[in-house]
Amino acid sequence: MLRLITARMPVTACLLILLSLPTLAQKRVSRADSIAIFKRHIAQTPGGYTYEQHATGDINNDRQADVVIIAHKPNPKPNTTRVNYDRRVLLLLNEPNGRFKNGPYTDQLLRCSTCGGGSLMDPLSRVDFFGKSLTFIQSYGMGLKTNEFVTFRYEDKEKDWLLYTISMSKSELVNGGKSERITPPERVGKRDFGHIRFQEFTRKLIPAN
């Protein structure tokens, strides 16, 4: 079962396309055809990664529906007690001619498919799109959970996505699980980590818990 990723866009843009919808890049194609296109683009990157899921939105503020593809290695990580996969995030850019071209990708952004804690939980909550910003939201840990928000921003002059902010907060269930207590987020920005392109991201940049 594929996991749904949601996107948040201004109403006037009308570019949100969810996994369950068959539309793509101003064309009416079937969901199977869309995934076949994504698989071909994944195959253009090294490592033999396999399509897992995708989210669609404008990632460079050009009013075109681009795609964020989540892929994973074809084989699970060895010597682990759970079946989990290393993952890749690939940005797929919608060209004026309606075709897609590969943008940058990273293997460092997402935790493995079952690294969320609990019962084989996927830590990836969703991907948010807003203006020139692209945010990946993950939640992991048992009892006291870490909520992680990693935001990249498209820079017109560089025609590239730069790491913009990393925000971390904690949440835990209280009163017998009837309510949730969330700590104020701690945020670091470009002033702290410098000039980091999307493809240069490493999890070493994530603040220690």
Could you give me the ³J(HN,Hα) list for region 193-206, computed from phi with Karplus coefficients 6.51, -1.76, 1.60 and θ = phi - 60°, whole Hz, x at Gly and Pro?
-> 10, x, 8, 10, 6, 3, 6, 9, 4, 9, 5, 5, 6, 5
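Using only Cα atoms, what is the ratio of the radius of gyration of region 55-209 to 2.2 N^0.38 Å?
Values: Rg = 16.7 Å, N = 155, 2.2 N^0.38 = 15.0 Å.
Cα-based Rg divided by the globular estimate yields 1.12.
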Can you pull the Rg over Rh of region 144-186, Cα-only, Kirkwood?
-> 1.28
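Which of the GluC sites (Glu not before Pro) across region 96-170 are loop residues per DSSP, with 10 or fewer other Cβ within 10 Å? Mind showing how you got there, number by number?
Numbers: sites: GLU148, GLU155, GLU158; in loops: GLU158.
Those that pass, being in a loop and sparsely packed, are GLU158.
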Taking a threshold of 19 Å on the Cα-Cα distance, which of the pairs LYS73/LYS101; LYS132/LYS159; LYS159/LYS190 fall above it?
-> LYS73/LYS101
State in Å² the accessible area per residue of region 43-157; use a 1.4 Å probe, count heavy atoms of protein chains only, and round to the nearest integer.
-> 43
Hey, what do the phi angles of region 49-56 turn into as Karplus ³J(HN,Hα) couplings, whole Hz, using 6.51/-1.76/1.60 and θ = phi - 60°, x for Gly and Pro?
-> 5, 10, 4, 10, 6, 8, 9, 10
Amide H neighbours of ASN84 under 5 Å, counting only residues 5+ apart in sequence or on other chains, H built in-plane at 1.01 Å?
-> LYS77
Show me 49-56, 35-42 ranked by packing, highest mean number of other Cβ atoms within 10 Å first.
-> 49-56, 35-42
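Taking loop as defined by DSSP and a crowding limit of 10 other beta carbons within 10 Å, which trypsin sites (Lys or Arg not before Pro) in region 108-209 fit? Let's see the in-between values first.
Working: sites: ARG111, ARG126, LYS132, LYS145, ARG153, LYS157, LYS159, LYS170, LYS178, ARG181, ARG187, LYS190, ARG191, ARG197, ARG203, LYS204; in loops: ARG111, LYS132, LYS157, LYS159, LYS178.
For trypsin sites (Lys or Arg not before Pro) across region 108-209 that sit outside H, G, I, E and B with at most 10 neighbouring Cβ atoms in 10 Å, the list reads LYS157, LYS159, LYS178.
The values are calculated or read from the model by the stated rules, or taken from the named source; none is laboratory data. Given the structure is predicted, the values throughout are model-derived calculations rather than measurements. Every residue, glycine as well, gets a Cβ built from its backbone with ideal geometry; the counts of neighbours run over all protein chains shown. Accessible surface is based on the protein model in full, side chains and every heavy atom, while ligands, DNA and RNA are left aside. Shrake-Rupley method; radii C 1.70, N 1.55, O 1.52, S 1.80 Å.
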